[in-house]
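The values are calculated or read from the model by the stated rules, or taken from the named source; none is laboratory data. Note that the coordinates shown come from a computational prediction; the quantities given were computed from them, not determined experimentally. FYI the Cβ positions are ideal-geometry reconstructions off the backbone, even for glycines, and counts take in every protein chain you see. The accessibility values were calculated without ligands, DNA or RNA, using every heavy atom of the protein model including side chains. Shrake-Rupley method; radii C 1.70, N 1.55, O 1.52, S 1.80 Å.
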Amino acid sequence: MKFGQEYQQALANEDFPKEWRESAIEYKHLKKCIKKVHKELQSLGLHPDTLRRMSEWVGDSQPEHQDSKDYYSATAPTLSSVPEEFAPQLRVLVDGKTGMPLDATLAPETKSALQKLAKHEMMSAGRRDYLRIPQPPSNHAVRRSSVVSVLTEDIAEEPEDARWVQLPLASAKNFYDMLEPSVQELEVLREAETAKLEEDILDLGDAVENVVQPVREGMEATRKMNYRDLYFWREMFRLYTEKPIFYSGTEARRGAFTFTEAKSRLQAYDTKLREIGLLDQMKTPQARLAAQQFLDLNVKILRIMHFQEMNARAMTKILKKFDKRTHLEGNVFLKDIGTKHPALLTNSGKQGQLQSPGGFANSIARDLNAEIASKVLAIVPQPDDWDCPVCYSMAWKPVSLGCCKSVYCIRCIIKLQDEGMKRCPVCNQETVMKADGRNINFEAMEFLQKYFPMETRKRQKENEKAALVREHGEAFVKPGCAIQ
Amino acid sequence: MTAPLPKRIIKETERLQTEPVPGISAQPHDDNARYFDVTVQGPDGSCYEGGVFNLELFLPDDYPMTPPRIRFLTRIYHPNIDRLGRICLDVLKNNWSPALQIRTILLSIQALLGAPNPEDPLNEAVAKQWKDNQAEAIKNAREWTKLYAQPKE
Ligand SMILES: [Zn+2]
Ligand SMILES: [Zn+2]
């Protein structure tokens, strides 16, 4: 199936909201526009073949023109872009006196057409802009009123007197005028949907907070039940972090997943949850409800990613088609669009290039992934977050050395002292030997007891055993505070 | 009877498999979980580019109070690595901290390949060559990499 058809069908069948579909890239219309560009170029005597040959000629720079290389490379028939108001133009270098195009490979009829245009422009006096820098123009006003504007290069001393002829391409402008607002709308949609989903994430955060809240004063009766749910949620979130759905933050791969990848990852996650029957085991109806809310949120994110990715593909395809049909460089459009909508290029490798065709889907995946992590997942701390940096077991009892934020387990600090290792393993300051009972981090202790009742009990037993083993040596008991 | 493997070693090994470092691999032996076969790719843009170097890594009993023991098995022309493959690297000696890991050590070794330091030599002959005629030294390193460190098909 052709992409155009595939795209229209997906748009119609995927049950996207009406307002989304209204923001979609108008692939069909853009395709018609390209036809018009093609026609317009032909009417100017610029057949695709001619344009292609011109590009090629400029491509392999000619040795005898080395000293004026910049100047020649600027003769490439490219669309030039103006930051404020983008208008595609064709630029051709012509001889300053005769108006003859200097590009020898132009077809004769093209040459005469350009010559006429240039002469016409020269006669309409007072219109002389100076192109002092031989770089592609970046700050020239576009005068769409005149058919042709001539930019004269002030190079009287140069061997060749030359000037630029700019041909505004009305049809290419139409193409751009149709494409750009669509991208604009997609960006608005991205912002609106991201904001909505962020609200959902906050609500979900509240719901999760309610169901996993460690026992509060006077609520001891429901203690057991809540603890069970806390551990279910922890497992649910651990699995979620272990194989993230939308965005990977590992060294090997950093970036958003594609819609297809994300979809199969979400399916795998859902299957896994069913296998272990986590949702069914949850004790309170509120907990089950919140779990369903969590899964629904993921489905919603997936859907907007799908829509945005489809649109990004449509855009990439249509620009390729533009290049192929007109031999004008459509990536000038992309550059311009990319500057206006930086979120479009979130996953891109090189600047101004779409690496994966995710478009706005990539930034949605990245932003919401971070949002879920900080507003929802963070509510249920994972034991790994509380690993002692030395033994990788839970930092129980927690000791802080005061030099940095690291929290160690008491056993490792005793061991470091026994070994005479004076420096804090993380920040390297000499704080280890000074540590005593006053370095117990009571705040962390309370937190760990609340959120990890089973783990802390187990660690406590291990510690007691280790202390007995060590009994033969000196005791880690300083005056005023018994630790073990 | 051997003591059970500390949780730390289990976790480090797991993470090395699930989140490998690009250009580095470390595989524990089946019969000795403290002994690892390591490969490090020569960093791009260095004179070891294209080479794959084999190393052995051993975690002593008192790890992480003492650093891992590690050496190159593949021959390498480098001022900070001697003929026996021993490596002169501060984090493997005085600057070791129990908060460092196998992962960070291997990254330091990869970085050392990218930035040889002839001022702190372990291999005097190579270091001298590096100081007297760097172009020649780099050429040698490239040749050795071609000769000894070609990835096995
Ligand atoms: Zn510890
Ligand atoms: Zn510290």
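Look through B:L55, B:L59 and report the one residue that is surrounded by 17 or more Cβ atoms within 10 Å (Cβ to Cβ), under 15 Å from the mean Cα position of the chain (by Cα), within 14 Å of chain A (Cβ to nearest Cβ) and modelled with pLDDT of 95 or more. Reasoning before the result, please.
Working: B:L55 fails: within 14 Å of chain A (Cβ to nearest Cβ).
Unique residue meeting the criteria: B:L59.
Looking for whichever is of a type in the set (F, W, Y), within 22 Å of B:P20 (Cα to Cα), assigned to a helix (DSSP H, G or I) and modelled with pLDDT of 80 or more here; the options are A:Y240, A:Y231. Which one fits?
Exactly one residue qualifies, and that residue is A:Y240.
Give the residue that is nearest to ligand 1 (Cβ to nearest atom), with candidates limited to residues of the stretch A:392-406 that are more than 11 Å from every other protein chain (Cβ to nearest Cβ) and crowded, with 19+ Cβ neighbours inside 10 Å. Steps first, please.
Kept after step one, since they are more than 11 Å from every other protein chain (Cβ to nearest Cβ), are these residues of the stretch A:392-406: A:395-403, A:405.
Keeping just the survivors that are crowded, with 19+ Cβ neighbours inside 10 Å gives A:395-401.
Working: A:A395: 6, A:W396: 9, A:K397: 10, A:P398: 10, A:V399: 9, A:S400: 13, A:L401: 13 Å.
Of everything passing the filter in the stretch A:392-406, A:A395 is nearest to ligand 1 (Cβ to nearest atom).
Residue check, A:M445 against (1) of a type outside the set (S, T, Y); (2) in contact with a Lys or Arg (Cβ under 7 Å, 6 or more places away or on another chain); (3) within 13 Å of another protein chain (Cβ to nearest Cβ), all met but one. Which one?
Going through the list (1) of a type outside the set (S, T, Y); (2) in contact with a Lys or Arg (Cβ under 7 Å, 6 or more places away or on another chain); (3) within 13 Å of another protein chain (Cβ to nearest Cβ), A:M445 breaks only (3).
Exactly one condition in (1) in contact with a helix residue (DSSP H, G or I) (Cβ under 8 Å, 6 or more places away or on another chain); (2) open to solvent by 30 Å² or more (accessible area, probe 1.4 Å); (3) more than 14 Å from chain A (Cβ to nearest Cβ); (4) modelled with pLDDT of 95 or more is false for B:L73; which is it?
Among (1) in contact with a helix residue (DSSP H, G or I) (Cβ under 8 Å, 6 or more places away or on another chain); (2) open to solvent by 30 Å² or more (accessible area, probe 1.4 Å); (3) more than 14 Å from chain A (Cβ to nearest Cβ); (4) modelled with pLDDT of 95 or more, the lone unmet condition for B:L73 is (1).
For the stretch B:90-152, which fully contained helices (runs of 4 or more DSSP H) count at least 1 residues that are within 14 Å of chain A (Cβ to nearest Cβ)? Outline the logic, then answer.
Values: elements: B:102-114, B:124-132, B:134-148.
Hits in the stretch B:90-152: B:102-114.
Based on what the data block shows, is A:I410 more than 14 Å from A:M445 (Cα to Cα) and more than 12 Å from ligand 2 (Cβ to nearest atom)? I'd like the intermediate steps shown before the answer.
Details: more than 14 Å from A:M445 (Cα to Cα): no; more than 12 Å from ligand 2 (Cβ to nearest atom): yes.
No; evaluated as a whole, the condition is false for this residue.
Are any residues in the stretch A:245-270 within 14 Å of chain B (Cβ to nearest Cβ) and open to solvent by 50 Å² or more (accessible area, probe 1.4 Å), and if so, which ones?
Listed by number, the residues that qualify are A:E251, A:A252, A:R253, A:R254.
When the residues of the stretch A:419-435 are narrowed to those that are within 12 Å of another protein chain (Cβ to nearest Cβ), more than 9 Å from ligand 2 (Cβ to nearest atom) and charged (D, E, K, R), which ends up nearest to B:Y63 (Cα to Cα)?
A:E419
Please go through the stretch A:391-407 and give me each residue that is within 12 Å of ligand 2 (Cβ to nearest atom) and either within 36 Å of the chain's Cα centre (by Cα) or charged (D, E, K, R) (or both), ordered by number.
Result: A:C404, A:K405, A:S406, A:V407.
If we keep just the residues of the stretch A:249-270 that are hydroxyl-bearing (S, T, Y) and at pLDDT 95 or above, which is nearest to A:S363 (Cα to Cα)? Lay out the reasoning, then the answer.
First, pick out the residues of the stretch A:249-270 that are hydroxyl-bearing (S, T, Y): A:250, A:258, A:260, A:264, A:269.
Within this subset, residues satisfying the condition of being at pLDDT 95 or above are A:264, A:269.
Working: A:S264: 19, A:Y269: 22 Å.
Restricting to residues being hydroxyl-bearing (S, T, Y) and at pLDDT 95 or above, the top hit is A:S264.
Take the residues in the stretch A:370-391 that are more than 16 Å from ligand 1 (Cβ to nearest atom) and either open to solvent by 40 Å² or more (accessible area, probe 1.4 Å) or of a type in the set (F, W, Y) (or both); name whichever of them is nearest to the other protein chains (Cβ to nearest Cβ).
From the stretch A:370-391, those more than 16 Å from ligand 1 (Cβ to nearest atom) are A:370-382; that's our starting set.
Filter again for either open to solvent by 40 Å² or more (accessible area, probe 1.4 Å) or of a type in the set (F, W, Y) (or both), leaving A:370, A:373-375, A:378.
Numbers: A:A370: 19, A:A373: 17, A:S374: 21, A:K375: 24, A:A378: 21 Å.
Ranking the qualifying residues of the stretch A:370-391, first place goes to A:A373.
Pick from A:L273, A:L297, A:L344, A:L334: which is away from every other protein chain (no Cβ under 14 Å), under 21 Å from the mean Cα position of the chain (by Cα), assigned to a helix (DSSP H, G or I) and at pLDDT 85 or above? It would help to see each step written out before you state the result.
Details: A:L273 fails: under 21 Å from the mean Cα position of the chain (by Cα); A:L344 fails: at pLDDT 85 or above; A:L334 fails: at pLDDT 85 or above.
That would be A:L297, the only listed residue that is away from every other protein chain (no Cβ under 14 Å), under 21 Å from the mean Cα position of the chain (by Cα), assigned to a helix (DSSP H, G or I) and at pLDDT 85 or above.
In the stretch A:423-438, which residues are open to solvent by 80 Å² or more (accessible area, probe 1.4 Å) and more than 16 Å from ligand 1 (Cβ to nearest atom)?
A:N428, A:Q429, A:E430, A:M433, A:K434, A:R438
Rundown of residues vs (1) open to solvent by 80 Å² or more (accessible area, probe 1.4 Å); (2) within 11 Å of chain A (Cβ to nearest Cβ); (3) of a type in the set (S, T, N, Q), yes/no style:
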{"residue": "B:L5", "(1), (2), (3)": "no, no, no"}
{"residue": "B:R15", "(1), (2), (3)": "yes, yes, no"}
{"residue": "B:V21", "(1), (2), (3)": "no, yes, no"}
{"residue": "B:I24", "(1), (2), (3)": "no, yes, no"}
{"residue": "B:P28", "(1), (2), (3)": "no, no, no"}
{"residue": "B:N32", "(1), (2), (3)": "no, no, yes"}
{"residue": "B:Y35", "(1), (2), (3)": "no, no, no"}
{"residue": "B:V40", "(1), (2), (3)": "no, no, no"}
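Can you tell me which residue among A:I276, A:I245 is of a type outside the set (F, W, Y) and over 20 Å from A:N362 (Cα atoms)?
On the way: A:I245 fails: over 20 Å from A:N362 (Cα atoms).
After applying the criteria, what remains is A:I276.
Looking at (1) outside any loop (DSSP other than H, G, I, E, B); (2) within 13 Å of ligand 2 (Cβ to nearest atom); (3) open to solvent by 70 Å² or more (accessible area, probe 1.4 Å), which is the one condition that is false for A:L416?
Here A:L416 clears every test but (3).
Any residue that is crowded, with 20+ Cβ neighbours inside 10 Å and away from ligand 1 (no atom under 16 Å from the Cβ) - is there at least one of those in the stretch A:439-459?
yes
Would you mind telling me which numbered condition in (1) open to solvent by 80 Å² or more (accessible area, probe 1.4 Å); (2) within 14 Å of chain B (Cβ to nearest Cβ); (3) not in a helix (DSSP H, G or I) A:K465 fails?
(3)
On the basis of being in a loop (DSSP other than H, G, I, E, B), of a type outside the set (A, V, I, L, M, F, W, C) and free of Cβ contacts under 8 Å to residues at least 40 places away in the same chain, does A:P381 make the cut? Before the answer, list the steps.
Numbers: in a loop (DSSP other than H, G, I, E, B): yes; of a type outside the set (A, V, I, L, M, F, W, C): yes; free of Cβ contacts under 8 Å to residues at least 40 places away in the same chain: no.
No; evaluated as a whole, the condition is false for this residue.
Mind checking which residues of the stretch A:318-328 are in a helix (DSSP H, G or I) and either of a type in the set (A, V, I, L, M, F, W, C) or surrounded by 19 or more Cβ atoms within 10 Å (Cβ to Cβ) (or both)?
Going through the stretch A:318-328, the residues in a helix (DSSP H, G or I) turn out to be A:318-326.
The answer is A:I318, A:L319, A:F322, A:T326.
Can you report the number of residues in the stretch B:102-153 which are touching a Pro at 6+ places or on another chain (Cβ under 7 Å), modelled with pLDDT of 95 or more and open to solvent by less than 30 Å² (accessible area, probe 1.4 Å)?
Residues that pass the stated criteria total 3.
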